[in-house]
Amino acid sequence: MKLNVLPARTGAQWVKLGFRTFFKQPLALGALFLLFLIILSLAMLIPQAGIVIALALVPAFTAGLMAAAREADDGRIPLPAILFIAFQQGAARTRAMLALGLLYAVAIMGVIGISWLIDGGRFLSVIAGSADITSPEQLSALALDSRFNAAMWVTITLYSLISLAFWHTPALVHWHGVPPVKSLFFSSVAVLKNARPFLFYGALWLGLSLGAGAALQTLAVLSGNINILALGMLSVSLFLGVVFFTSVWFTFRDSFAADQPAS
């Protein structure tokens, strides 16, 4: 494979392609994304090992969502079975994908452990929605807590680095048979070489998320109905989530040029 070094404006093109492809097959891609979330949620219910199993499945299902985006981009309807395509390419590819998933689970669990050591799990409970915060005073106290802030920034930094290292790995393992550890190296190099388009890409997604949140907050205040905010955030999060995962296929497609067609 040959690595393509892309201009910064490609980041905007990836976002645009994500939206365009989603609207080609909104029902199919939306249903696949919901199926992805449901399976991970069910996996997390497994006693003791649930969170590890769910995390280990993320790379394989990411490959499935990327394959679905490719199908939609080519004018075909992605069927539900495509979500499991990473487990349909033979025993060797299945083992490689599961090994990649295990590496991902270990990395994320490591971040969770470090965050817990810093502030006793308060930041994790806030992002999980399980923190008991019922007043503005409690929120202000957290914002001024040095341990909470340290856990927040360490978690965000480490998670971002892990995400970038694993960014291309599902596609490299699935379509090109690259071994899991080697795929981490190739993925990291590809992201670093294309840092400008990825920064542009990330900034656009951050801007879309923050803009949508601000618009919903304004609407809730003007209408006096707080339920609009809760329902709207859920709907917008699901919509942006499926479009984001759709766009991931294009970040891989444009970053690498295969010596021969991918299987």
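So, in the stretch 37-84, how many residues would count as being farther than 21 Å from Ala99 by Cα and in contact with a Pro (Cβ under 9 Å, 6 or more places away or on another chain)?
5
Report, by residue number, each residue of the stretch 6-32 that is within 27 Å of Ala195 (Cα to Cα), touching a residue at least 40 places away in the same chain (Cβ under 8 Å) and not in a loop (DSSP other than H, G, I, E, B).
Once the filter is applied, which keeps residues that are within 27 Å of Ala195 (Cα to Cα), touching a residue at least 40 places away in the same chain (Cβ under 8 Å) and not in a loop (DSSP other than H, G, I, E, B), the stretch 6-32 yields Thr10, Gly11, Ala12, Gln13, Trp14, Val15, Leu17, Gly18, Phe19, Thr21, Phe22.
Could you tell me which residue of the stretch 111-134 is surrounded by the most Cβ atoms within 10 Å (Cβ to Cβ), considering only residues that are out of contact with any helix residue (DSSP H, G or I) (no Cβ under 7 Å at 6 or more places or on another chain) and either at pLDDT 95 or above or of a type in the set (S, T, N, Q) (or both)?
Ser125
With the structure loaded, tell me whether Ile39 is surrounded by fewer than 20 Cβ atoms within 10 Å (Cβ to Cβ) and not small (Gly, Ala, Ser) or whether it fails that test.
yes
Return the total of residues in the stretch 44-75 being without any contact (Cβ under 8 Å) to a residue 40 or more places away in the chain and within 12 Å of the chain's Cα centre (by Cα).
Looking only at that region, the number is 1.
For Gly177, only one of the following conditions fails: (1) on the phi < 0 side of the Ramachandran plot; (2) surrounded by fewer than 17 Cβ atoms within 10 Å (Cβ to Cβ). What is its number?
In the conditions (1) on the phi < 0 side of the Ramachandran plot; (2) surrounded by fewer than 17 Cβ atoms within 10 Å (Cβ to Cβ), Gly177 misses (1) alone.
Which members of the stretch 76-108 meet the condition of being among the small types (Gly, Ala, Ser), touching a residue at least 24 places away in the same chain (Cβ under 8 Å), surrounded by fewer than 23 Cβ atoms within 10 Å (Cβ to Cβ) and under 21 Å from Gly241 (Cα atoms)?
If the condition is that a residue be among the small types (Gly, Ala, Ser), touching a residue at least 24 places away in the same chain (Cβ under 8 Å), surrounded by fewer than 23 Cβ atoms within 10 Å (Cβ to Cβ) and under 21 Å from Gly241 (Cα atoms), then Ala105 is the only one that fits.
(1) over 17 Å from Ala257 (Cα atoms); (2) surrounded by 12 or more Cβ atoms within 10 Å (Cβ to Cβ); (3) more than 16 Å from the chain's Cα centre (by Cα); (4) among the β-branched types (Val, Ile, Thr): which one isn't true of Ile156, the others all being true?
Tallying (1) over 17 Å from Ala257 (Cα atoms); (2) surrounded by 12 or more Cβ atoms within 10 Å (Cβ to Cβ); (3) more than 16 Å from the chain's Cα centre (by Cα); (4) among the β-branched types (Val, Ile, Thr), Ile156 fails exactly one: (3).
Can you spot a residue in the stretch 12-31 that is within 18 Å of Ser187 (Cα to Cα), surrounded by 14 or more Cβ atoms within 10 Å (Cβ to Cβ), at pLDDT 95 or above and of a type in the set (A, V, I, L, M, F, W, C)?
Within the stretch 12-31 (the criterion being within 18 Å of Ser187 (Cα to Cα), surrounded by 14 or more Cβ atoms within 10 Å (Cβ to Cβ), at pLDDT 95 or above and of a type in the set (A, V, I, L, M, F, W, C)), the answer is yes, since at least one residue qualifies.
So Ser223 passes all but one of these: (1) under 29 Å from Ala105 (Cα atoms); (2) surrounded by fewer than 16 Cβ atoms within 10 Å (Cβ to Cβ); (3) modelled with pLDDT under 90. Which condition number does it fail?
(1)
If you check Leu83, Leu98, which single one turns out to be touching a Gly at 6+ places or on another chain (Cβ under 8 Å) and either under 20 Å from Ile39 (Cβ atoms) or not in a helix (DSSP H, G or I) (or both)?
Testing whether each residue is touching a Gly at 6+ places or on another chain (Cβ under 8 Å) and either under 20 Å from Ile39 (Cβ atoms) or not in a helix (DSSP H, G or I) (or both) leaves just Leu83.
The values are calculated or read from the model by the stated rules, or taken from the named source; none is laboratory data. Owing to the predicted nature of the structure, the values given are computational and were not obtained by experimental measurement. Virtual Cβ from ideal backbone geometry, glycine too; neighbours counted across all protein chains shown.
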